[in-house]
Structure formats: C-alpha cells, structure tokens
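Participant: This structure is in structure tokens; I'll ask about it shortly.
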Amino acid sequence: MDYFIELFFSGLTRGSIYALIALGYTMVYGIIGLINFAHGEIYMIGAFTAFIVATVLSVYGFPLVSIVIISGLAAVVWASSYGYTIEKIAYKPLRHAPRLSPLISAIGMSIFLQNYVLLAQTSDFLPFPTLFPDLEFMEPIAHIIGTTDVIILVTTIVVMVLLTLIIKFTKIGKAMRATAQDRTMATLVGINVNNVISATFIVGSGLAAIGGMLVAAHIGQINFYIGFLAGIKAFTAAVLGGIGSIPGAVLGSFVLGLTESFATGYVSSDYEDVFAFSLLVLILIFKPSGLLGRASNEKV
Amino acid sequence: MKQPILNVTNLTMDFGGIRALDSVDLDVNSGEIVALIGPNGAGKTTFFNCITGIYQPTGGDILLSLPNKSKKVSLKGLKPNKVTERGLARTFQNIRLFPKMTVLENVMIGRHCRTKAFIFGAIFRTAATRREEESILETSYAILEKVGLAEHANEFADNLSYGAQRRLEIARALATEPLLLLLDEPAAGMNPQETLDLDHLIKQISQEGQAILLIEHDMQLVMSLSDRIFVMDYGKKIAQGTPAEIRANPAVIKAYLGEEVDA
Amino acid sequence: MVLLKEFKKALLTSLWFVFLTFPIVVIKVDPIERTVFWRWQNAFYMAVGTFSIYLLVKFYQHRKENQPKSSDAGENKLPISSLIHRILLNPVQRNIFIGIVAAISIVFPHIFSTYQTNVMTTALMYVVLGLGLNIVVGLAGLLDLGFVAFYAVGAYTYSLLNLHFGLGFWTVLPIGGLLAATFGILLGFPVLRLRGDYLAIVTLGFGEIIRLILENWGKFSKGPSGISNIPRPGFFGMHFNLEQSVLYTYYLMIILVIVTIFIVNRLQDSRLGRAWIALREDEIACQAMGIDKRKTKLVAFSLGAFWAGIVGVMFAAKTTFINPASFTFLESAIILSIVVLGGMGSIVGVVFGALILILLPEYLRALSEYRMLAFGAILVCMMIFRPQGLISNIRRTYKFEKKSPPPVR
C-alpha cells in the first residue's frame, strides 16, 4: 500500500511539473495557434538560470532563504525575457505566413537555444545545489513523500490559483480570453493583440521557469538537453487535456504524471519515455481534441 | 425532353442543436440553369457543402442520375473527391485556387479524377502516360480558351485579377467534366463589367448543354440567367418557380424585405 | 535623423541582449570547485554582435522595401538562384552544366583523399535523404519530423538481416526500402488525416518511439551498444580493400543520387506531382477537384520513407557500425534544415542545401562546433527572410502548340 501511495505522490509531483510547462503550450496555442516547440528550452533556460544564480550566491555565502528567493525570481525574469524575445524574433514576423512556417521556425529556435546553452555553458550534467533541506516534521512520512515533492505540489497549487485569478479578473487576462476566441474581433474592440501575445509568452515562460527550477531542485542535476523531453511530455499533457484549454492542461498533466508513475512503478522503467510518446501518438490519432477541448472545423 | 440530373430530397443538416437545413428539396434537370437564392445565413452554402460531401448531412438523400443509365446513384455519405468523380463539381464562395500553381496547372488539376497515371507511369513515362498528359494539356488549354484566360496560362494563379480568378475557378470545375456545375456566388465582389462578362460566360457554358446550379446574390444576374429559382430562408425552402413567379411571390418579398433589400 | 533613430534602437536592442544572455553567457560556475568565472568579454562580443546584426537586418529590410516592384510578382531573387534558373532553363547551358557536374563527380575521388571521398559520400547520402524528405515536406506539404525513423528502419533491416540470415547488401537494399515504405504506410494510414502541426508532432513521437525501442529492446537490436562488423557493399563477390571500398561506395552513392533526381523530377512533373502540390496549397479545394486526399498523401509519405530506407541500408553498409544514437530527432532536424535551406520543392536547391550543410562544417573545422547552432538559426532565418529557400523551385511552364481545337465535352 505504501508503494502505491508513494507512486501516487510521485505521479502528482510529475504532474505538477508537467502542468507548469503545459500551461505555456496551451496558452500560446489558444492565442496564436502555434505549437511553441521552443517552450521546453525556455524551461531549460529557467532551470539553468536558477542553477547559475543559486550557485553564485551560495559561493558568495548568501543565506539559503535568500538564495531560493533570488534564484527563483531570476529564473522567472530571465525565462520570461527569453519568451518575449523569441516571440518577437521568430514568430511575430510569421503571423500571416502559412501555418507550418512558424512551427519550423519554432523547431529551429529550439535547436538553436539548446546549442546556445551547450556552447556557452557545458554539455555535462551539473549538480544542482540543494535548495530545500528536508524538513524535520516530514520525517515520519519521508519514505512516501519527500520535502521537495511537497514544496513542488504546494508551489504548483499556489501558482495555478494565481494564474486563474489573473485570467479571470485582470484586464490583461480578459484580453487574453477575448483574443483566444477571436483575434480579429479583439482588435476591433481596441485590444492591442501584440501586447496580449507578448503577455502570454511572458506568463507562460515564467511558469515554465518555476517548473524548471523545481525539477532541477528535485532531481538534483541539469544539462542543456532536459528541455526537449520535458517539453514533449508537457505538450503531450496539453494535447491530452485538449490544447487551448487551461483546465485541460492541468488535468492532462496529472493524468500523464500518474500514468507514467504507475507504469514505471508496476510495469517497467526501461520504457518510461515510450509510454509518454505512445500516449501522445494515440491521443492525437484517436482524440485530437483531447479530454476538455473542442473539435475545430475549417470554415468552407 | 428534359431529364432530371440531381434530386435532393428532405436534406437536413444539424450543427449541434442548430438546424441549418430543414428538409430541403431541390431538383435540377439537364441543360438547365437553376438558382438558389435567399438572405444571408439562409443555409445556401451549407446546402452546397452537404451535397458535395464536405459536410455529412443529418438526413435526406441526394440522388444523381448518370447519363445512359436508368439507375440513380446516391451521393450521400460520399467523400468530396468521390462526389466530384461522380459528376458534381463546384466553385467556392471565398476563392480557393492553388495560388502557387500556374493558371494552366490549376485547370490540369481538374483533370485529375478523369485520368489515371500513377507512380509507375510517372517514373517510366510510358506511352500511355505521355498520351494522357498530352490530352490533359489539350483539354485544359481548350477550357482556358473558353473562359478567356488562355493568354495567362503560365502565370501564377494568385497574380490574376479578382474576376479572372473567379473564372479560373469555373474553368477548373469544368475540367472535371461535371454532369452538374455548382457555382457558389460567382459574381461576389465583381464590378459591373466583370459581372456582365460572367453572365455571357455562364450562358455560353449552358448553351453547350451544361447543367448549372448557382447561388447568387446579384438579382439581376439571377433573373437574367435562371430557368428556375429556389428560395431559402432560415434553412427552409420557402419558394420555387420561374423568375417571374419568384418576383411576384409574397413569401420571397417578405423574406427579403424583412432582412434587407438585396437586389 | 532616421539613421540616428535606428542607431539608438540598435543600441537598445544590443543592451537588451546583453541583459538577456548575461547569466548564461557571462557567468560560468563550477559547482564542485565552488568557483565563479565572470566572462565579461562575452558581454562585449554579444553587444557588438547584436548591434551589427540589428543594423544588417534593418538595412536588408530597407532595401527590400525600396526595391522597384517591377520584377515578376515582386519575387526577389538571389544572384545564385537566378543564375541557376537561367542555366537550367537553357537546354545548351543545362547540358554543359550537367557535364561539368558529372566530370567533377567522376574525378573527385581520384583528386582528393580517401577521407574526403568518405565525407563526400556522407554528403551524398544527405542529398538523397533531403530529396526523399523533399517529396513529403516540399511537394506534399506534410511536415514529417520523424523522417529519421525510416532511415533507422533501413539501417537496422540490413544489419539484422545480415547478422541473422547473412543476407547481402544488394538483396537487402530493396527490402530495406520496401520495409521502410511499409512502415510509412502503416504510420501514415492513421495519422495523415491530422492537421499539419499535429502530424508533425505525431511523426516526431513515432521517430522517438522507434529509437527508444531500438535502445531498450536489447534482444532484438543489441541496444545502445549497436551492431558492428556490418559488411560493406560487395560487387559480384569481389573483395575490396578499404580504399577501393570507399571508392566503390562513393560511386554507388553517385548513381543513387542520379537515379533519385531522375525519379523525383519525373514524379514532380506528373499527374501525381501536381496533385501533391495542389494538396499542399489547399486541401479542401483539392478534394473538391476529385483528388483522393488520403491516397495521395500516403503515396508521398511512403515514397519519402522508401528513400530514407534505401539510404539507411547504404549508411549501415558504409559505416559498418550502427547504434540508436545515429537516429535521434536532431538527425531529422538536420534533414529538414537541408530541405528548408535549399528550397522546399526544389531539387537543385535540396542538392545544394545538403552539400552546404554537410560539407561546410566538415571543412571549416572552426565552425563544426557551431554546426547545430547554425542549423537552428537557418530554420528560423529561412522562414523569416526567404521561405522559398536559396534556390526556389521553378514551376514547369507548358508550351502548347495549337492543333485543331479538341472537343471539350
């Protein structure tokens, strides 16, 4: 039974991370209909920034609490800046191009960013500093759920609630929803669509950076290639939930996280990634609109 | 002796809870020009999409009479390409040409379903394939001449003027050798001169024996061309008859005046 | 005044990039030794680099806007593109051009070293892979990100059939191609009805699944350690030494390239080729013209896979060793870069694209480290500045001599 609960919580933790990344995919897709292939790399850059800043601070002897806060903020700020800049460079000029052009551009961006980090840093796996020490009151249940898992879960929940509030009640959130429904109409009622798109990239990238930092702290090591797999899995989660739908992305992420956790726990860990990829292929073939998404038809 | 070509009975189409077409009947005889009119949103284009297989209708039947055969075939449930193969070819309201292909190639695409060369023939360029290619070229060129686009044959389709693009759509549809040609608002966006040219073109095609069903908002054109007119409103057929009868039909006048004066 | 404003904007942009790249480019930490390196010179390079690139792009855009629009359809042609078009459209020049290329390819291995011949053979493999993917992406407009899977199918078909049954290169060559094509059909059947971007992701997933299976199913594929001692291509039982074998493989590849170009060219100008291009342009209109969407796509997909399979067999025979690491997503991305750089749908373009992308990093050693960075940048830049590629496709124009007007109906 303990094993089951352990797997369950590990699935929830995975799911939380996927959710943080999947939200970026789904928000961007909802607004400009683009699979932002470079999103996984944003997550990787967030993790790297957190890693660099945290290590620098710890070398210079800052206290742990300030390291966590500053490196977290740095990860969010820089990842958002990357997201903003990438949109301006690689996607904005292609807004009226054929549908596949921005996707190819996104793939190029993804490869570019991977190798940019590889060249500027290293291809080795780097040990991530311990940011979250094991809390004492967690001791009795530590064999089932670790401190980092709890922190990941709590952070994710807080972030989700904040995001929901932003999208439901703020001006930019309403503008995002309007733009997602009908971009032309949104322009006509005076919404600056360019700003909305930028905001979407900034928010999505910030979420991915939080995810990146949490994962790095959880696993304890990073390298330039972590974004590719995490990106594809988060995308799978977004499609599973119905791409374009925010609750769908969260639901899909938890379904994927739990599936992976139980499948590797009870079946075989050799094929961990095959499960995710097979799920991706199967959903796209049999239910491309996902669990909570709407089927779209082209108007003739 | 006029023979029926297309018989649509009780055609019904639901989108979710909305009934876009409600038991519409329509028939076209050989050699006829039939117009389908109605206010915006009456369901005319939906009707076209249903009979050409782009939408699958919820109910009703679509029967096509093949020449030289007493049997009728149902088009219901067929894919769009099969419908075209059977003999229904259409144009689109919002022009859908192949913009980065030449004008001639656009028409040659129309010959696709009447020819058969495949991988083997393409690679080895057998005598049969060569003959077929030649006949595709000849037929396509002849159709371009008919619609007056022959001198633009090797230009890209998206370089044509608006009116010429509409004529190219008709040419492309004609290349499939349809039993019935469906024109979806062929005059939309045309200037008076282009509309007049279109009027001549459609008459000319019709005189060669081509049956035509058209959706059109330009009433002058409709009255000038049509042998019979069907009127739709809110997904239902509200009237049918000769142009003179339609002009005098109170239901039609109400449908139009209730919305806007369209003519 | 305008100039000053542009300089100010360039300055701001470069400052933004210095900020953006600061943590990754300037700081380098060693978490074990607990040391921090501040590489300030990198910030300076970044500033200068961004500043000049910004001005360059602005200059390019400025020139493009002020260009007289008299040329056909405002199509701006690169000098190389228009030169190649001119040569290819003139029969005499075309024959001379082909003659020169043929002469170079024949004497190449006799002038250059074995090593360089080997490199050239690799480049030629990418030419064929590019031409295969070109059918799928360039002509039919189906973005296939898992192309490498079919390449892997070919390579493993040869290695395994040889290992277990001792089948030779020439027997397996068609089997590898056909098996890859079969995989193409099996995958294509369910996925080809998907919209373009979903198709791209599904093919990517499929490619990764194949690679992961090869990696993990040790009993079948020998896992990550791969299969070695794969025999090189033979010739009626003759035995070559290494040098002769390289030479022989090189000429085999030349022949394969010629055959591929010939076939792709014919396909492109056929009824099928027209249908592919029409499908790329507008699927709904295509169906309304009586084209069977699914069948046409399936043919394109499996033909592309066929060539990938063939090259896969060649690859296994040339390198004599394969493992799953040769068939990652990056390989698919490289082949896609070749097609995009050369010009989607353009045979000459793809040939040039492959030669540039494979040979350039090989000969400019300093660049080879930046190879993948450049591939990424190429994909982005080509989409933004030159979506038609370096050498855009020339659509065939048909000359029609009027005979007696044929009856239409």
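The values are calculated or read from the model by the stated rules, or taken from the named source; none is laboratory data. This structure is a prediction, so every number in the text was calculated from the model and none was measured. Ideal geometry is used to build each Cβ from the backbone, glycine not excepted, and the neighbour counts take in all protein chains shown. Side chains included, ligands, DNA and RNA excluded: accessible areas come from the protein's heavy atoms. Shrake-Rupley method; radii C 1.70, N 1.55, O 1.52, S 1.80 Å.
Participant: Pop the C-beta distance of B:N94 and A:N194 into the FRET formula with R0 = 22 Å and round what comes out to the nearest 0.05.
Facilitator: About 0.25, to the nearest 0.05.
Participant: Within the stretch B:95-128, what residues put their amide N at less than 17 Å from the label point 7 Å along the Cα-to-Cβ vector of B:E151?
Facilitator: What the label zone holds, given the 17 Å backbone N cut-off, is B:103-104.
Participant: Could you tell me the distance between the Cα centroids of the stretch A:1-43 and the stretch B:87-154, to the nearest Å?
Facilitator: Rounded to whole Å, the Cα centres lie 49 Å apart.
Participant: Accessible area per residue for chain A in Å², computed with a 1.4 Å probe and the full protein assembly in place, what is it?
Facilitator: 41
Participant: Running a GNM on chain C with Cα contacts under 10 Å, which residue among C:K58, C:K297, C:K28 ends up with the highest mean-square fluctuation?
Facilitator: Checking each option, the largest mean-square fluctuation is seen for C:K28.
Participant: Within the stretch C:181-272, report the trypsin sites (Lys or Arg not before Pro) that DSSP leaves as loop and that have at most 14 other Cβ atoms within 10 Å.
Facilitator: Hits after loop and neighbour filter: C:R193, C:R195.
Participant: Right, something else. Using protein heavy atoms only (no ligands, DNA or RNA), what is the total accessible area buried between C and B, 1.4 Å probe, nearest 100 Å²? Please list the in-between numbers first.
Facilitator: On the way: alone 23690 and 13000 Å², together 32480 Å².
Buried surface at the C/B interface: approximately 4200 Å².
Participant: Follow-up. What is the spin-label model distance, in nm, from C:I98 to C:K8 if the labels are put 7 Å beyond Cα along the C-beta direction?
Facilitator: 6.0
Participant: So for the stretch A:23-129, what are the equivalent ellipsoid semi-axes in whole Å, largest first, each being the square root of 5 times an eigenvalue of the Cα gyration tensor?
Facilitator: The answer is 31, 15, 10 Å, longest axis first.
Participant: How many Å² of accessible area per residue for the stretch B:99-177, probe 1.4 Å? Before the final figure, lay out the partial values.
Facilitator: On the way: 2940 Å² over 79 residues.
Per residue, the stretch B:99-177 has an accessible area of 37 Å².
Participant: Provide the net charge surrounding B:Q56, with neighbours chosen by a C-beta distance below 14 Å and charges set as Lys +1, Arg +1, Asp -1, Glu -1.
Facilitator: +1
Participant: Starting from the Cα gyration tensor of the stretch A:171-300, multiply each eigenvalue by 5, take the square root, and state the resulting semi-axes largest first in whole Å.
Facilitator: Ellipsoid semi-axes (Å, largest first): 31, 20, 11.
Participant: Which stretch or stretches of the stretch B:129-157 have amide N atoms under 17 Å from the point lying 7 Å from C:T397's Cα along the Cα→Cβ direction?
Facilitator: In the stretch B:129-157, the label zone of C:T397 (backbone N under 17 Å from the point 7 Å along Cα→Cβ) covers B:141, B:149-157.
Participant: Once you sort the root eigenvalues of the Cα gyration tensor of the stretch A:54-191 as a ≥ b ≥ c, which label holds: rounded (a/c under 1.5), prolate (a/b larger than b/c) or oblate (the other case)?
Facilitator: It comes out oblate by the Cα gyration axes.
Participant: Nearest 5 percent is fine: what portion of the DSSP beta bridges confined to the protein assembly as shown is antiparallel? Intermediate values should be presented prior to the final figure.
Facilitator: Details: 30 of 46 bridges.
Close to 65 percent.
Participant: Could you tell me how far the Cα centroid of the stretch C:300-328 sits from the Cα centroid of the stretch C:377-393, in Å?
Facilitator: First find each Cα centre; the distance between them is then 26 Å.
Participant: Looking only at chain B, where both bridge partners belong to it, what percent of the DSSP beta bridges are antiparallel (to the nearest 5)?
Facilitator: The answer is about 60 percent antiparallel.
Participant: Now for a different question. Taking Rh as the Kirkwood radius computed over C-alpha pairs, what is the Stokes-Einstein D of the stretch C:326-398 at 25 °C in a medium of viscosity 0.890 mPa s, expressed in µm² per second?
Facilitator: This corresponds to a translational diffusion coefficient of 195 µm²/s.
Participant: Semi-axes of chain B's equivalent ellipsoid from the Cα gyration tensor, sqrt of 5 times each eigenvalue, largest first, rounded to whole Å? List each step's numbers first, then the result.
Facilitator: Values: eigenvalues 204, 96, 55 Å².
Three semi-axes, in Å: 32, 22, 17.
Participant: Compute the Rg to Rh ratio over the stretch B:99-177 from the alpha carbon atoms, using the Kirkwood formula for Rh, and round to two decimal places.
Facilitator: My calculation of the ratio gives 1.01.
Participant: If you don't mind, there's one more thing I want to ask. Which pairs break 32 Å Cα to Cα here: A:K233/C:K222; B:K44/B:K82; B:K44/B:K72; A:K171/C:K28; A:K171/B:K44; C:K219/C:K297?
Facilitator: On the way: A:K233/C:K222 27 Å; B:K44/B:K82 21 Å; B:K44/B:K72 24 Å; A:K171/C:K28 40 Å; A:K171/B:K44 40 Å; C:K219/C:K297 35 Å.
Beyond 32 Å: A:K171/C:K28; A:K171/B:K44; C:K219/C:K297.
Participant: So if the hydrodynamic radius of the protein assembly as shown is defined as the Kirkwood radius over C-alpha pairs, what does Stokes-Einstein give as its diffusion coefficient at 10 °C and 1.306 mPa s, in µm² per second?
Facilitator: Values: Rh = 31.1 Å.
My calculation gives 51 µm²/s for D.
Participant: Also, I was wondering about something else. If you average 1/r across every pair of different Cα atoms in the stretch A:94-163 and take the reciprocal, what Kirkwood value do you get, in Å?
Facilitator: About 16.5 Å for the stretch A:94-163.
Participant: Moving on to the next point. Specify whether the C-alpha gyration tensor of the stretch C:38-161 places it in the rounded, prolate or oblate class, a ≥ b ≥ c being the square roots of the eigenvalues: rounded for a/c under 1.5, otherwise prolate if a/b is larger than b/c and oblate if not. Can you show the working numbers first?
Facilitator: Numbers: a/c = 1.68, a/b = 1.26, b/c = 1.34.
Oblate is the answer for the stretch C:38-161, as a/c is 1.5 or above yet b/c matches or exceeds a/b.
Participant: For peptide B:168-181, what's the mean number of Cβ atoms from other chains within 10 Å of each residue's Cβ? Provide the component values of the computation, followed by the final result.
Facilitator: Working: counts 0, 1, 0, 0, 3, 2, 2, 3, 3, 3, 2, 0, 0, 0.
Across B:168-181, the average partner-chain Cβ count within 10 Å equals 1.
Participant: Can you list the lysines whose alpha carbon is less than 19 Å from that of C:K5, not counting same-chain residues fewer than 8 positions off?
Facilitator: Output for C:K5: C:K58.
Participant: Between C and A, buried accessible area summed over both sides at probe 1.4 Å, in Å² to the nearest 100?
Facilitator: Values: alone 23690 and 15010 Å², together 33270 Å².
Approximately 5400 Å², summed over both chains.
Participant: C:D30 versus C:A366, label points 7 Å from Cα toward the beta carbon: distance in nm?
Facilitator: 2.7
Participant: Relative contact order of the stretch C:252-409, please, whole-number percent, based on alpha carbon pairs below 8 angstrom and at least 6 residues apart.
Facilitator: Values: 94 pairs, mean separation 30.3, N = 158.
It comes to 19 percent, rounded to a whole number.
Participant: Which order do peptides B:191-199, A:271-279 fall in by mean Cβ count within 10 Å, highest first? Mind dumping the intermediate values first?
Facilitator: On the way: B:191-199: 15.3, A:271-279: 20.3.
Descending packing order for the listed peptides: A:271-279, B:191-199.
Participant: At a 10 angstrom cut-off on C-beta neighbours, averaged per residue, how do the peptides A:208-218, A:94-104 rank from highest to lowest?
Facilitator: Those peptides, ordered most packed to least, come out A:208-218, A:94-104.
Participant: What number comes out for the charge environment of C:T328, summing +1 per Lys or Arg and -1 per Asp or Glu over other residues with Cβ under 10 Å away?
Facilitator: Local net charge: -1.
Participant: Given Cβ point charges of +1 (Lys, Arg) and -1 (Asp, Glu) and nothing else, what value in debye, to the nearest 20, does the dipole of the protein assembly as shown about its Cα centre take?
Facilitator: Dipole of the protein assembly as shown, to the nearest 20 debye: 1740 debye.
Participant: For chain C, compute Rg over Rh where Rg is the Cα radius of gyration and Rh is the Kirkwood radius from the inverse mean 1/r over Cα pairs. Walk me through the intermediate numbers first.
Facilitator: Numbers: Rg = 24.2 Å, Rh = 23.9 Å.
Taking Rh as the inverse mean 1/r over Cα pairs, Rg/Rh reads 1.01.
Participant: Here is a further query. If the limit is 25 Å between Cα atoms, which of B:K76/B:K146; A:K287/B:K116; A:K88/A:K174; B:K69/B:K116; B:K76/C:K293 go over it?
Facilitator: Exceeds cut-off: B:K76/B:K146; A:K287/B:K116.
Participant: Something else about it: Heavy atoms only, 1.4 Å probe, whole protein assembly: order C:C381, B:C50 by accessible area, highest first.
Facilitator: Largest accessible area first, the residues go C:C381, B:C50.
Participant: Apply the Debye scattering formula to the stretch C:2-60, with a single equal point scatterer on each alpha-carbon and no solvent, then give log10 I(q)/I(0) at q = 0.16, 0.18, 0.24 Å⁻¹.
Facilitator: Debye output, listed in q order: -0.54, -0.63, -0.89.
Participant: How many angstrom lie between the C-alpha centres of the stretch C:15-52 and the stretch A:113-188?
Facilitator: After rounding, the separation between the Cα centres reads 25 Å.
Participant: Taking R0 as 25 Å, what FRET efficiency do you get between C:L15 and A:I89 from their Cβ-Cβ distance, rounded to the nearest 0.05?
Facilitator: Once the sixth-power term is evaluated, E becomes 0.95.
Participant: Just to confirm a number: summing +1 for Lys and Arg and -1 for Asp and Glu over residues other than B:E132 whose beta-carbon lies under 12 angstrom from that of B:E132, what do you get?
Facilitator: Values: positive: B:R111, B:R114, B:K116, B:R125, B:R130, B:R131, C:R271; negative: B:E133, B:E134, B:E138.
Computed value for this residue: +4.
Participant: For the protein assembly as shown, which whole-number percentage of the solvent-accessible area (1.4 Å probe, protein heavy atoms only) is attributable to carbon and sulfur atoms?
Facilitator: Numbers: 26580 of 41780 Å².
C and S fraction of accessible area: 64 percent.
Participant: Average partner chain C-beta neighbours within 10 Å, per residue of B:73-82? The partial results should precede the final answer.
Facilitator: Numbers: counts 0, 0, 0, 0, 0, 0, 4, 12, 11, 3.
Partner-chain Cβ atoms within 10 Å, mean over residues of B:73-82: 3.
Participant: Now a separate question. How fast does chain A diffuse by Stokes-Einstein, in µm²/s, taking the Kirkwood radius from C-alpha pairs at 37 °C and 0.692 mPa s?
Facilitator: Details: Rh = 19.6 Å.
Once the numbers are plugged in, D ends up at 167 µm²/s.
Participant: What angle, in degrees between 0 and 90 and rounded to the nearest 10, separates the Cα long axis of helix B:250-259 from the longest principal axis of the Cα atoms of chain B?
Facilitator: Here the helix axis deviates by roughly 80 degrees.
Participant: For the stretch C:112-385, what does the accessible surface come to per residue with a 1.4 Å probe? Please give it in Å². Could the numbers behind the result be given before it?
Facilitator: Numbers: 9130 Å² over 274 residues.
On a per-residue basis, the stretch C:112-385 sits at 33 Å².
Participant: OK, next. In bins 10 Å wide, starting from 0, what share of all Cα pairs of the stretch C:255-409 does each bin hold, as a percent?
Facilitator: That works out to 9, 29, 35, 18, 6, 3, 1, in percent per bin.
Participant: Right, another one. Need one value for B:108-117: mean number of C-beta atoms belonging to other chains within 10 Å of its residues' C-beta atoms.
Facilitator: 5
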